[in-house]
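Asker: What follows is a single structure, and I will ask about it in a moment.
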Amino acid sequence: MRAQSVYRALRRAIIEQALKPGMKLPEDSIGEQLGVSRTLVREAFNRLSVEGLVELKPNKGASVAYPTLEEARDVFEVRRGLERLVAENLAGRLTPAQAAELEEHVRQEEKAHGQDGPESIRLSGEFHIKLAEMTGNALLLRYVQESSSRCSLILAIYGRPHSSECAVSEHRQLIDALRAGDAAKAAQLMDHHLQSVVTRALLSPRTEPDLRDALSRYALSEGLTPP
């Protein structure tokens, strides 16, 4: 349970940009901040490394991943293909309960509009993961989760301040197409949505926060406390 809590706290801190791309992640400091052993921190690093969120280098320790522009384009290209498949599979199969769940999630995105860029990015990614979950295809869900996490990290480096209004509008259009059972339109909307995110990308400098400040609220949310 604690291992899962450490993993979730660190993953969310990275996706919400509290831990910035390229930031060093010393095991002892993070373990102290979260109130857990270095072993649990190392275990979380290994899981996050598989997802492409953390880089592990021999004799240099761990750091938040910092993908290059070329790697970023490759990730988005793969994600576009995966999520077109999600849209095609889900069109006409969306249940009323699933549609209601997606609508509620979009309302959360609307509340985050103009308030918190990282929160908007996280909610947007979760919307896409929900769609993948609803297909019932476990392998497709796994790949969408990984690519979505990597894209959230990429947006932290290269993205403009996230436009939640644009994303919410596109998400609503996608829900309508899925309800209508229009697989071709749903796939086209999904592709356009992700392509527009790539188009908005630009390079901008990022500053590195203090490790304690960055992790404090994530530790609290997972019930982790330093000694």
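The values are calculated or read from the model by the stated rules, or taken from the named source; none is laboratory data. All values derive from a computational prediction rather than experimental measurement. Ideal geometry is used to build each Cβ from the backbone, glycine not excepted, and the neighbour counts take in all protein chains shown. Heavy atoms of the whole protein, side chains included, go into the accessibility calculation; ligands, DNA and RNA do not. Shrake-Rupley method; radii C 1.70, N 1.55, O 1.52, S 1.80 Å.
Asker: Residue 181 is checked against (1) modelled with pLDDT of 80 or more; (2) touching a helix residue (DSSP H, G or I) at 6+ places or on another chain (Cβ under 9 Å) and fails just one. What number does that condition carry?
Answerer: Single failed check for residue 181: (2).
Asker: Show the residue pairs meeting these rules: Cβ distance below 6 Å; 6+ apart or different chains; first residue within segment 188-210 and closer than 15 Å to residue 74 by Cα; second residue outside any helix (DSSP H, G or I) and modelled with pLDDT of 60 or more.
Answerer: Qualifying pairs under 6 Å: 201/159.
Asker: What's the number of the condition residue 77 fails, among (1) surrounded by 19 or more Cβ atoms within 10 Å (Cβ to Cβ); (2) under 20 Å from residue 140 (Cα atoms); (3) not basic (Lys, Arg)?
Answerer: Against the list (1) surrounded by 19 or more Cβ atoms within 10 Å (Cβ to Cβ); (2) under 20 Å from residue 140 (Cα atoms); (3) not basic (Lys, Arg), residue 77 comes up short only on (1).
Asker: Follow-up. Find the residue count for segment 1-30, including only residues that are assigned to a helix (DSSP H, G or I), among the small types (Gly, Ala, Ser) and within 23 Å of the chain's Cα centre (by Cα).
Answerer: Qualifying residue count for the region: 4.
Asker: Of 62, 72, which residue is part of a helix (DSSP H, G or I), in contact with a helix residue (DSSP H, G or I) (Cβ under 7 Å, 6 or more places away or on another chain) and crowded, with 19+ Cβ neighbours inside 10 Å?
Answerer: 72
Asker: Between residues in segment 168-179 that are closer than 13 Å to residue 131 by Cβ and residues that are among the charged types (D, E, K, R) and assigned to a helix (DSSP H, G or I), which pairs lie under 8 Å by C-beta distance while being six or more apart or on different chains?
Answerer: So the pair list comes out as 171/109; 175/103; 177/185.
Asker: Which pairs have Cβ atoms under 7 Å, sit 6 or more apart or on different chains, and link a residue in segment 56-85 that is over 15 Å from residue 149 (Cα atoms) to one that is of a type in the set (Gly, Ala, Ser) and open to solvent by less than 30 Å² (accessible area, probe 1.4 Å)?
Answerer: 56/62; 84/187
Asker: May I pose another question? Within segment 89-98, track down each residue that is loosely packed, with under 15 Cβ neighbours inside 10 Å and either within 19 Å of the chain's Cα centre (by Cα) or not small (Gly, Ala, Ser) (or both).
Answerer: Within segment 89-98, 93, 95, 96 qualify.
Asker: State whether the residues of segment 146-165 include one that is more than 22 Å from residue 14 (Cα to Cα), surrounded by fewer than 19 Cβ atoms within 10 Å (Cβ to Cβ), at pLDDT below 95 and not small (Gly, Ala, Ser).
Answerer: yes
Asker: Here is a further query. Read through the list (1) assigned to a helix (DSSP H, G or I); (2) more than 26 Å from residue 198 (Cβ to Cβ), then give the number of the only condition that residue 93 fails.
Answerer: Every listed condition holds for residue 93 apart from (1).
Asker: Within segment 34-55, count every residue that is under 15 Å from residue 21 (Cβ atoms) and hydrophobic (A, V, I, L, M, F, W, C).
Answerer: The total comes to 3.
Asker: OK, next. Taking the stated definitions as given, is residue 26 touching a residue at least 60 places away in the same chain (Cβ under 8 Å), out of contact with any Asp or Glu (no Cβ under 8 Å at 6 or more places or on another chain) and either more than 16 Å from residue 218 (Cα to Cα) or of a type in the set (Phe, Trp, Tyr) (or both)?
Answerer: Yes: the conditions hold for residue 26.
Asker: Which of the residues spanning segment 86-98 are in contact with a helix residue (DSSP H, G or I) (Cβ under 6 Å, 6 or more places away or on another chain) and in contact (Cβ under 8 Å) with a residue 60 or more places away in the chain?
Answerer: 86, 87, 88, 90, 91, 94
Asker: Here is a further query. Looking at segment 99-134 only, could you name the residues that are open to solvent by 40 Å² or more (accessible area, probe 1.4 Å) and polar (S, T, N, Q)?
Answerer: Passing the criteria: 108, 115.
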